[in-house]
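Report on one structure; see the data block that follows.
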Amino acid sequence: MGSLFVALARQASANARREVEAYAREIPELGCLEKDPRARAEALDHSLWLRRRTVELSPDNSELTEDDLGCIASMGELRAGAGMSLDARQRVLGLHTALMLREINEVTEAQRGGGVEEIMRMMNWFAPQGERGIGAYCQGFVRVLRRRMRYVEQVALLTRSLLNGDPISAELASAVDMELPDHWAVTVFRMPVRPAADRFLENEIETLVKSHQAPVMWGPGNGDGSGELIALVPLISGTAGGESVPPHATSDLLPDLAPDHLSELVQDFALALGRPCAVGTATAPLPELADALDRARRISRAAPLRRASTRLRPHTLADVFVELAVVEVPFVDAWLRDVARQLDFGPDLLVTLDAYYRHDMHRGATATALNVHARTLDYRLRRVRELTGIDPGSTRGVRTLSAVVTRRLSGAWR
């Protein structure tokens, strides 16, 4: 055994103690290690064992055995059984990796840079075997979650782990029998009033999750009773929006690149939620889902609230980019709000304009949708022009009044 490995073996006990102390100091959920002698002893034994196995196996580039992986998995089970969160588990793995690398660096510096060949052997072993060890730890962790958590809770954990880029998502996906494609459509359902939690709604959501193979979770509450449901819609290779999707900045501008089943999913979930929703969606590759969530959330806040129906559809950046810009310029928003107030003096003018623009200003289709005579529609459009000085069918009218309608229907002006 070379001098590097001998030095690491000599320092194993001290380094194991330092790791346990770091856990107790830096991870609040493991603060119990300072007060619980049994938990501290278990953590110390595992930390010491892992360092000794590293020194034993790395010189010959030998792999961790099945027994070794089983031991690592048992520690994951122990942590999950104690109620450790996914965030704390990820911090444990990150801290352990950082400390192991730091220990190798300290020994190398003490030897004044000698033993380059030994360092390379150690690092060549550390990366692949470290990945196998993390995989085993995650497997043990998830085994406990499967026993203790209901299906929808496991799916919510999967959703959160994907958004956070947590490697445990692969194990969680396997546990709930889902695939993890490379691209997703992050979709946010915004509701002014969040549905009360009950078993019926939970069963409905579970059925839809299994049917659409789309992980979902409830978003954080805003303290005003509103809520949001976040769905990750897989873009499977070979479907619209699959591997042929251009970079996300482009695909967000092209709503027709959304997957064919996205509208159906939106309608199904909205009907289950049973209340008006504003739906925003943004596509992204797997590593960029957190950014896509931010975009989808912003889009949902700018999108109009609609009652659950077969006509409800997800909105993309291309649908509300004007309104998103308006939000950032208060004096423009105030001006549009003043225009909206003028529409209050006419008969159903806001509803009429909404239908007019949703039907691409086609008079016949608009009148049919409103269930009114074409002459009635013409009267209302003239009334809009009289009150605002803006012709709804002009370029200015489309630019101004469509933004007025969307801002009013989004609920932004209360």
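Cβ neighbours within 10 Å, averaged per peptide: list 382-393, 197-208 in order, most packed at the top. Each step should come with its number before you reach the end.
Numbers: 382-393: 16.6, 197-208: 13.1.
Going from most to least packed, we get 382-393, 197-208.
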(request) Rank by packing, highest mean first: peptides 279-289, 38-48, with packing defined as the count of other Cβ atoms within 10 Å averaged across residues. (result) 279-289, 38-48
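Please report, in debye to the nearest 20, how large the charge dipole of the chain is about its Cα centre when each Lys and Arg carries +1 at its beta carbon and each Asp and Glu carries -1 there. If you can, show how the numbers build up before the last one.
Details: 50 positive and 55 negative charges, 355 e Å.
With only Lys, Arg, Asp and Glu charged at Cβ, the dipole is about 1700 debye.
If you average the sequence gap of Cα pairs under 8 Å that are 6 or more apart and divide by the length of region 320-398, what percent do you get for the contact order?
Normalised by residue count, the contact order of region 320-398 is 25 percent.
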(message) Restricting to DSSP H runs of at least four residues, report the calculated mean residue ellipticity at 222 nm for the chain, -39500 (n - 2.57) per run over all residues, nearest 500 deg cm²/dmol.
(response) -20500 deg cm²/dmol
(message) Could you tell me the relative contact order of the chain? Use alpha-carbon pairs under 8 Å, at least six residues apart, and round to a whole percent.
(response) 12
(request) Give me the distance between the Cα centres of region 193-219 and region 12-71, rounded to whole Å. (result) 39
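At 1.4 Å probe size, with every protein chain present, just tell me what the per residue accessible area of the chain comes to in Å². Mind showing how you got there, number by number?
Details: 20590 Å² over 414 residues.
Per residue, the chain has 50 Å² of solvent-accessible surface.
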(request) Taking log10 I(q)/I(0) by the Debye sum over Cα atoms at q = 0.07, 0.10, 0.14 Å⁻¹ as the quantity of interest, determine which of (1) -0.49, -0.80, -1.19; (2) -0.32, -0.66, -1.27; (3) -0.28, -0.57, -1.10 was computed from the displayed structure. (result) (1)
(request) Round to the nearest 0.05 the FRET efficiency obtained for ARG414 and THR207 when R0 = 41 Å and r is the Cβ-Cβ distance. (result) 0.75
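What is the extension gain from ASN222 to SER3, computed as 0.36 nm multiplied by their sequence separation minus the C-alpha to C-alpha distance, in nm to one decimal? Numbers along the way, then the final one.
Working: separation 219, 0.36 × 219 = 78.84 nm, distance 5.77 nm.
That pair, ASN222 and SER3, stretches by 73.1 nm at full extension.
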(request) Quick one: pull the percent of accessible area on region 108-170 belonging to carbon and sulfur, 1.4 Å probe, ligands and nucleic acids left out. (result) 53
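The values are calculated or read from the model by the stated rules, or taken from the named source; none is laboratory data. Quick caveat, the model's predicted, so the values are computed rather than measured. We place every Cβ from the backbone using ideal geometry, glycine too, and count neighbours over all the protein chains shown. The area values use the complete protein model at the heavy-atom level, side chains included, leaving out ligands, DNA and RNA. Shrake-Rupley method; radii C 1.70, N 1.55, O 1.52, S 1.80 Å.
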